[in-house]
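Presented below is the structure to which this report refers.
The values are calculated or read from the model by the stated rules, or taken from the named source; none is laboratory data. Note that the structure is a prediction, hence the values are computed from the model and not measured. Cβ coordinates were reconstructed from backbone atoms using ideal geometry, including for glycine residues, and neighbour counts include every protein chain displayed. When the accessible area is computed, the model is the full protein with side chains, heavy atoms only, and any ligands, DNA or RNA have been set aside. Shrake-Rupley method; radii C 1.70, N 1.55, O 1.52, S 1.80 Å.
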Amino acid sequence: MTSEHTLKPTVEFFEKHNYFGLKKENVVMFEQHMLPCMSFDGKIILDKKWKIARAPDGNGGLYRALGKHKILEDMEQRGVKYIHVYCVDNILVKMADPAFIGFCLSKGANCGAKVVEKAYPTEPVGVVCKVDGKYQVVEYSEITLRTAEKRNEDGRLTFNAGNICNHFFTVDFLKQVVCENEHRLRHHVAKKKISYVDESGERITPEKPNGIKMEKFVFDVFEFSSEFAVFEVLREDEFSPLKNSDKAEKDTPTTAKHALMSLHHRYILNAGGQFEDQDGTVIPAIPSRKASEADTYPVACEISPLLSYAGEGLERICDGKRFVSNVLLSEKFVEEYEDKGQMINE
């Protein structure tokens, strides 16, 4: 699902990369709905003199879009029964994770959520919990400090299931949502910086929030599930969102890149490989960063998803081997390694 602004560049990107080996007819793209942006006093904001400022209706706009574009009918024709939905900003997402899907199926769930343990009481993430007998995500801004700080006897936070927008659905459940419950989803107010034209026609880019966008949330359908499952995963393995520029302290392109390299570094270590510096010194499993290289991860490595989904099958090329950054383990790497019978750094 894309917005009207991202559909064309997304299609062009997939075409440029030959749909990453997938058949073109199996990659279905569709647009979500757009809603007008408003000022804090309820007036419509103009993007141009002749055009209303509009914004996507949130990730919860998925359900309206599924119905409008007849995506569920297309899925049924293809024999699809189970769906994995995730937010695109998480670089560590495991697409169609068989462990997650298998867990949900083993529980007989028609709806499921992956979660990570909250790092601290006031961490700005929603928590998955039960309210009046129904599952839902309660936003961090809706929880009192006293509730957020509540702990169990083992010292863990009582409300610790941090939502990472990573979900499982059955097609039958989505049909129920689209046909019977989509209209019941409420809009949430998001205060945003919205560019506009002033009375003289000059385009203004504000430095602070000046209006609101109305959004629906993808996880607001949890309450409609009769069989709901929660699957907790390790944050360092599966959650590193990209939300800010590198000017921010976290959730930046740099932190996302480091999270991916850290994960792949651990994959190689678990497969029996090691990394060493240019001088031959072995880099420890938990590498330290030099003060002068605070923005650089000590081990630069990446594993192509075409070679290994989650670190499996790497022993034959990693066990007992030493690598020097920068390393890209790919199918080409394996071909050259097997042809020459030696380790090659790309």
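Show the residue pairs meeting these rules: Cβ distance below 9 Å; 6+ apart or different chains; first residue within the stretch 55-84 and part of a loop (DSSP other than H, G, I, E, B); second residue among the basic types (Lys, Arg). Hits for this filter: ASP57/ARG64; ASP57/LYS213; ASP57/LYS216; GLY58/LYS213; GLY58/LYS216.
Selection of the stretch 51-89 for residues being of a type in the set (S, T, N, Q) and surrounded by fewer than 14 Cβ atoms within 10 Å (Cβ to Cβ) yields only GLN77.
Can you confirm whether ALA99 is aliphatic (A, V, I, L, M) and part of a helix (DSSP H, G or I)? Against the criterion (aliphatic (A, V, I, L, M) and part of a helix (DSSP H, G or I)), ALA99 qualifies.
Filtered by the rule that a residue be over 13 Å from GLY60 (Cβ atoms), in a loop (DSSP other than H, G, I, E, B) and not hydroxyl-bearing (Ser, Thr, Tyr), the stretch 180-216 gives LYS193, ILE194, ASP198, GLU199, GLY201, GLU202, PRO206, GLU207, LYS208, PRO209, ASN210. As for the stretch 206-222, it holds no residue that is more than 23 Å from LYS243 (Cβ to Cβ), at pLDDT below 95 and of a type outside the set (Phe, Trp, Tyr). Contact map, the stretch 236-262: residues that are within 17 Å of LEU328 (Cβ to Cβ) paired with residues that are open to solvent by less than 50 Å² (accessible area, probe 1.4 Å) and of a type in the set (Val, Ile, Thr), Cβ distance under 9 Å, separation 6+ or inter-chain. Pairs shown: MET261/VAL299; SER262/VAL299.
Residues in the stretch 190-247 that are of a type in the set (A, V, I, L, M) and open to solvent by 40 Å² or more (accessible area, probe 1.4 Å): ILE204, MET214, VAL230, LEU234, LEU242. With the requirement that a residue be among the β-branched types (Val, Ile, Thr) and open to solvent by 70 Å² or more (accessible area, probe 1.4 Å), what does the stretch 90-137 give you? Answer for the stretch 90-137, where residues must be among the β-branched types (Val, Ile, Thr) and open to solvent by 70 Å² or more (accessible area, probe 1.4 Å): ILE91, THR122.
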